[in-house]
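This report refers to the structure that appears directly beneath it.
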Protein chains: 2
Amino acid sequence: MAAVSTRDQIVEIADDLFYRGGFEATSFADIAAGVGISRGNFYYYFKTKDEILDAVIDRRIARTRGMLDGWETEAPEPRERIVAFIELLIANRAPIMAYGCPVGTLCAELAKLDHVHQERAADIFGLFAHWLEKQFRALGAEEAAREWALHVLAWSQGVASLATVFKDEAFIRREVADITGWLDRQIVSLSQ
Amino acid sequence: MAAVSTRDQIVEIADDLFYRGGFEATSFADIAAGVGISRGNFYYYFKTKDEILDAVIDRRIARTRGMLDGWETEAPEPRERIVAFIELLIANRAPIMAYGCPVGTLCAELAKLDHVHQERAADIFGLFAHWLEKQFRALGAEEAAREWALHVLAWSQGVASLATVFKDEAFIRREVADITGWLDRQIVSLSQ
DNA sequence: GATTGATTTGGACAATTGTCCTAATTGTGG
DNA sequence: CCACAATTAGGACAATTGTCCAAATCAATC
């Protein structure tokens, strides 16, 4: 088993702390304490806070890619792949109700901070959007694929937002069923 | 014309700065500079940062109530009232693309900060939810009114989120048309 | 015009922030 | 075992944070 490098540990902890507490509210000291190293050692790997954010976004992009690739190998049908994405809301319902969607909340915060890495974070959304578009195209939706992809993406973002506000698990399950129903209606409409 | 009190000015500026920059990232100094008063004078009106947040939430609740009441007097039909809510996305598209939805982003931030006023901010959402439910009930939707209200709320939140990320005005208009279409289909289904 | 209360000022305060540096400690190859 | 590079530790730093206070100024009343 490969030993986890200190750098990777820092990025992993920072990723988690940024998600649960927000980027701005998480300090160097918080991350160093989480990893169990001194702030000086920390500086050896990352000179500025933006560099950590950059590494965290890299990690999230890589993990998102891995997840999307995994669905493409595991689920043979595009419909099941899209359903797997939608059901992320159920699988992650506990952290979502507590902290929201990791991607959406990061993008929202960086937009307010007018941060340089704003667009890099938006690329994670771009990954989802492009992947969903690909699945809809595989289903036979030609010109509508992009719009449907953004529609599913927006819908799930909205569900995550309200889930955080109202902490209502039944609401999540109801909306997930609704999105799945919408998806099946679109599929039916394609074969007509 | 009634002179605007210093206190009201502080709350107004704080409201705007919290929206555009976030609660955590906005400092006492920022607000004082925005109003044009000294930090000491600031303290005369608000002892802690949480007190300002409390006042800002009060203001937002009052303004939301005013807006909802206005729609009820101006628009005679429930459908037009709901459409007025949906079209907030278009009316406020510029600030939404820059800073997101004021209510959604505040709730998301307070959730991460695990802030005491988290639930007070969620009450603003409660206002919208209850008002939408009332409109759907007036349309004749009995048991589904609550679910439809949350559905419209979640949908518009999702559109706001993606609008901030992709800065795509055409997307906003397309989704607003979609929600309106959905609304009309629900209305038709009620009369059958 | 004097008195009194409301308002405003500028700065003190301890704590925390991101950043940076030097010295000590590791581990590795010769 | 030694030399050298990689890594770690601990603290210095200037700036900023939220909080708080004493003194100055304003406005209204008698």
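Each value in this text was obtained by applying a stated rule to the coordinates, not by laboratory testing. Computed from a prediction, not measured in an experiment: that's the story for all the values here. In this analysis, Cβ positions are derived from the backbone assuming ideal geometry, glycine residues included, and neighbour counts consider all displayed protein chains.
Restricting to the range B:120-132, name every residue that is of a type in the set (A, V, I, L, M, F, W, C) and without any contact (Cβ under 8 Å) to a residue 60 or more places away in the chain.
Selection gives B:122, B:125, B:129, B:132.
I'm trying to understand the selection: among the residues of the range A:135-154, which are surrounded by fewer than 18 Cβ atoms within 10 Å (Cβ to Cβ) and either under 14 Å from residue A:180 (Cα atoms) or not small (Gly, Ala, Ser) (or both)?
A:137, A:142, A:143, A:146, A:147
Name the helices (runs of 4 or more DSSP H) wholly inside the range B:81-192 in which the number of residues that are within 11 Å of another protein chain (Cβ to nearest Cβ) and closer than 20 Å to residue A:98 by Cβ is 2 or more. Step through it out loud before you land on a result.
Values: elements: B:88-91, B:93-99, B:102-113, B:118-138, B:145-166, B:169-190.
Of the helices (runs of 4 or more DSSP H) lying wholly inside the range B:81-192, those with at least 2 residues that are within 11 Å of another protein chain (Cβ to nearest Cβ) and closer than 20 Å to residue A:98 by Cβ span B:102-113, B:118-138, B:145-166.
So which residues in the range A:8-57 are within 8 Å of DNA strand C (Cβ to nearest atom), away from chain B (no Cβ under 14 Å) and in a loop (DSSP other than H, G, I, E, B), if there are any at all?
Within the range A:8-57, A:46, A:47, A:48 qualify.
Restricting attention to the range B:35-57, which residues are surrounded by 17 or more Cβ atoms within 10 Å (Cβ to Cβ) and small (Gly, Ala, Ser)?
Correct list: B:55 only.
Could you tell me whether the range A:33-41 includes any residue that is touching a Phe, Trp or Tyr at 6+ places or on another chain (Cβ under 9 Å) and within 23 Å of residue A:104 (Cα to Cα)?
Within the range A:33-41 (the criterion being touching a Phe, Trp or Tyr at 6+ places or on another chain (Cβ under 9 Å) and within 23 Å of residue A:104 (Cα to Cα)), the answer is no, since none of the residues qualifies.
I need the full set of residues from the range A:58-76 which are surrounded by fewer than 17 Cβ atoms within 10 Å (Cβ to Cβ) and either within 14 Å of another protein chain (Cβ to nearest Cβ) or among the basic types (Lys, Arg) (or both), in order please.
A:59, A:63, A:65
The rows are residues; the columns are (1) within 11 Å of DNA strand D (Cβ to nearest atom); (2) touching a strand residue (DSSP E or B) at 6+ places or on another chain (Cβ under 8 Å); (3) among the β-branched types (Val, Ile, Thr).
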{"site": "A:10", "(1), (2), (3)": "yes, no, yes"}
{"site": "A:14", "(1), (2), (3)": "no, no, no"}
{"site": "A:20", "(1), (2), (3)": "no, no, no"}
{"site": "A:25", "(1), (2), (3)": "no, no, no"}
{"site": "A:30", "(1), (2), (3)": "no, no, no"}
{"site": "A:35", "(1), (2), (3)": "yes, no, yes"}
{"site": "A:40", "(1), (2), (3)": "yes, no, no"}
{"site": "A:46", "(1), (2), (3)": "no, no, no"}
{"site": "A:50", "(1), (2), (3)": "no, no, no"}
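Quick grid of which residues meet (1) touching a residue at least 24 places away in the same chain (Cβ under 8 Å); (2) closer than 26 Å to residue A:169 by Cβ:
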residue	(1), (2)
B:84	no, no
B:103	yes, yes
B:111	no, yes
B:118	no, yes
B:134	no, yes
B:153	yes, yes
B:159	yes, yes
